[in-house]
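**Q** This is the structure, below, for whatever I ask next.
The values are calculated or read from the model by the stated rules, or taken from the named source; none is laboratory data. A quick note: this is a predicted structure, and the numbers were derived from the prediction, not measured. Please note: Cβ atoms are built from the backbone with ideal geometry, for glycine as well, and neighbour counts cover all protein chains shown. With ligands, DNA and RNA removed, areas are computed over all heavy atoms of the protein, side chains included. Shrake-Rupley method; radii C 1.70, N 1.55, O 1.52, S 1.80 Å.
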Amino acid sequence: MTAFAYRLLGGDGRARLGLLETAHGAVHTPAFMPVGTAGTVKAMTPESVSATGAEIVLGNTYHLMLRPGAERVRRHGGLHRFMNWPGPILTDSGGFQVMSLAKLRKLTEEGVTFQSHLDGSSHLLTPERSMEIQRLLDADITMAFDECTPYPATEAEAAASMRLSMRWASRSRAAFVERPGYGLFGIVQGGVYAELRAESAAALLDIGFDGYAVGGLAVGEGQEEMFRILDVTVPHLPTDRPRYLMGVGKPADIVGAVMRGIDMFDCVMPTRSGRTGQAFTRRGTVNIRNARHQDDPRPLDEACACPACRNYSRAYLHHLAKAEEVLGLMLLTWHNLHYYQDLMRDLRAAIGEHRLAHHAADFAALQALGDIEPI
């Protein structure tokens, strides 16, 4: 069976071109992972997700442990077979969702006791149980169990949270079952404090992981602050392991993070926006519900080859959105995911050809123009 491995294929400045090999296939990086929180990328079939160019998707421990249950997924052959996705899957550890969704949380050294947001049932999630759930799901990439440091937090609060996460990271490493093609990522925490980020990265490197994520960002601190934290964090991470920025983000966030050495991303933004009438294009965002689109015969994005752009006009998509037809949100979701994969493909090409700075400048200039072409 294929070993879990990351190969650095090239670079441009701090940006990296790589290949991540897993039990269920390879992922070309930089990569964007569509979010399939509950075992499905909303409004998409697995075949349509693959058609966008996505090579890996994300599932979530918290949601899948509550419904349908990790043991049930295991009985049905694991998450790949259960959701009919043959490629790699990364599963979030559940720590963020426990903090953001669950009710009556009690945080201790052991883990987090909480009540389900679905039915109020009581659960205990520990590093060991999180590793077990992700193994039952058959995730190619397992995430260490952590506490997502709230924002804003004082330096003392961020330090206490980070150090608890590092103790949990050590327990996650000990509980993780090594198998060929499967990897475990540690998560750097520390809020907006450079010294704490450095301490966290050093602790994770001492434990030893197959990849390293940067967590606790895109939680309200703003792009400038996020980039500052990446600038002081990424240099502490090893060059021979993949780097994952969790929960990011907007296209401009991704471009900036790639230029700072990040390899992997996930975010609900393309799917959530698609379900609310917002489309991402090379000239910025489009709200298809706006009246200005009701007689517009053009596609959403002239340069996009997705079904929504290839086969339908803005006028028709506007009609679907106003009529609240399911097809409208399906087509916009497909478009947004296709756009994100095009974004990553173009970034990989620019890195490989050593023209990333020029490409990023062109990207920013087009985004700044906005969606202002005449009909």
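**Q** Work out from phi, with θ = phi - 60° and the Karplus expression 6.51 cos²θ - 1.76 cosθ + 1.60, the ³J(HN,Hα) of each residue of the range 231-240, listed in order in whole Hz, and give x for Gly and Pro.
**A** 4, 9, 9, 4, x, 7, 9, x, 7, 9
**Q** Using a/c under 1.5 as the rounded threshold, could you call the chain rounded, prolate or oblate? The axes a ≥ b ≥ c are square roots of the C-alpha gyration tensor eigenvalues, and prolate needs a/b larger than b/c, oblate otherwise.
**A** Because a/c hits 1.5 or more and a/b exceeds b/c, the chain counts as prolate.
**Q** How large is the accessible surface of Met330 in square angstrom, using a 1.4 angstrom probe and rounding to the nearest 10?
**A** Roughly 80 Å² of Met330 is accessible to a 1.4 Å probe.
**Q** Let me ask something else. Rounded to the nearest percent, how much of the accessible area of the range 39-138 (1.4 Å probe, protein heavy atoms only) is carbon and sulfur?
**A** Solvent-exposed carbon and sulfur of the range 39-138 make up 50 percent of the total.
**Q** Now for a separate question. Heavy atoms only, probe 1.4 angstrom, no DNA, RNA or ligands counted: give me Thr108, Thr61 ranked by accessible area, highest first.
**A** Ranking Thr108, Thr61 by accessible area, largest first, yields Thr108, Thr61.
**Q** Would you mind checking the tilt of helix 127-137 against the longest principal axis of the Cα atoms of the chain, expressed as 0 to 90 degrees and rounded to 10?
**A** So the inclination is approximately 50 degrees.
**Q** I would also like to ask the following. Taking the alpha-carbon centroid of each part, what is the distance from the range 322-372 to the range 72-109 in angstrom?
**A** That distance is 29 Å.
**Q** Which are the unpartnered cysteines of the chain, meaning those with no other cysteine Cβ under 4.7 Å from their Cβ?
**A** Singleton cysteines: Cys148, Cys267, Cys306.
**Q** Is the range 333-375 best put as rounded, prolate or oblate by its Cα gyration tensor, with a ≥ b ≥ c the root eigenvalues, rounded for a/c under 1.5, and otherwise prolate when a/b is larger than b/c, oblate when not?
**A** oblate
**Q** Per residue, what accessible area does the range 144-233 have, given a 1.4 Å probe and all protein chains present, in Å²?
**A** 36 Å²
**Q** Got a number for the accessible area of Arg7? Probe 1.4 Å, square angstrom, nearest 10.
**A** Roll a 1.4 Å probe over it and Arg7 shows about 110 Å².
**Q** Quick one: accessible area per residue over the range 252-375, 1.4 Å probe, rounded to a whole number of Å²?
**A** 44 Å²
**Q** Report, in degrees rounded to the nearest 10, the 0 to 90 angle that the Cα long axis of helix 356-369 makes with the longest principal axis of the chain.
**A** Between helix and principal axis, roughly 60 degrees.
**Q** Now a separate question. Against the longest principal axis of the chain, how steep is helix 194-207, in degrees 0 to 90 to the nearest 10, with axes from Cα atoms?
**A** For 194-207 against the chain, the angle is about 60 degrees.
**Q** Heavy atoms only, probe 1.4 Å: what % of the accessible area of the range 247-361 goes to carbon and sulfur, would you let me know?
**A** Solvent-exposed carbon and sulfur of the range 247-361 make up 51 percent of the total.
**Q** Rounded, prolate or oblate: which fits the range 237-375 when a ≥ b ≥ c are the square roots of the eigenvalues of the alpha-carbon gyration tensor, with rounded for a/c under 1.5 and prolate only if a/b beats b/c?
**A** Because a/c hits 1.5 or more and a/b exceeds b/c, the range 237-375 counts as prolate.
**Q** OK, next. Put Met99, Met226 in order of accessible area, largest first, 1.4 Å probe: what do you get?
**A** My answer, sorted largest first, is Met99, Met226.
**Q** On to the next question. Taking the Cα-to-Cβ direction at Val232 and at Arg72 and moving 7 Å from each Cα, how far apart do the two end points lie in nm?
**A** 4.6 nm
**Q** At 0.36 nm per residue, and after removing the present C-alpha to C-alpha distance, how many nm does the segment from Leu101 to Asp362 gain when stretched out fully? Working shown, then result.
**A** Details: separation 261, 0.36 × 261 = 93.96 nm, distance 3.92 nm.
Separation in residues times 0.36 nm, less the Cα-Cα distance, equals 90.0 nm.
**Q** Further, regarding this structure: Ordering Trp334, Trp168 by accessible area with a probe of 1.4 Å, largest first, what comes out? Present the calculation step by step, with values, prior to reporting the outcome.
**A** Numbers: Trp334 65, Trp168 0 Å².
Solvent-accessible surface, decreasing: Trp334, Trp168.
**Q** Another question about this same structure. Pairs Lys106/Lys250; Lys250/Lys322; Lys103/Lys322: which are spaced more than 29 Å apart, C-alpha to C-alpha?
**A** Table pairs above 29 Å Cα-Cα are Lys106/Lys250; Lys103/Lys322.
**Q** Please figure out what share of the DSSP beta bridges in the chain is antiparallel and state it in percent, rounded to the nearest 5.
**A** Among the beta bridges of the chain, antiparallel pairing accounts for roughly 50 percent.
**Q** What net charge do the residues around Ala291 carry, taking every other residue with its C-beta under 15 Å from that of Ala291, with Lys and Arg at +1 and Asp and Glu at -1?
**A** That sum, taken over residues with Cβ under 15 Å, equals +1.
**Q** Taking K and R as +1 and D and E as -1, what net charge do the other residues with C-beta under 12 Å from the C-beta of Arg228 add up to?
**A** With Lys, Arg at +1 and Asp, Glu at -1, the net is -2.
**Q** Just name one of Leu369, Leu347, Ser116: the one whose Cα is farthest towards the positive end of the charge dipole of the chain (beta-carbon charges, Lys/Arg +1, Asp/Glu -1).
**A** Ser116
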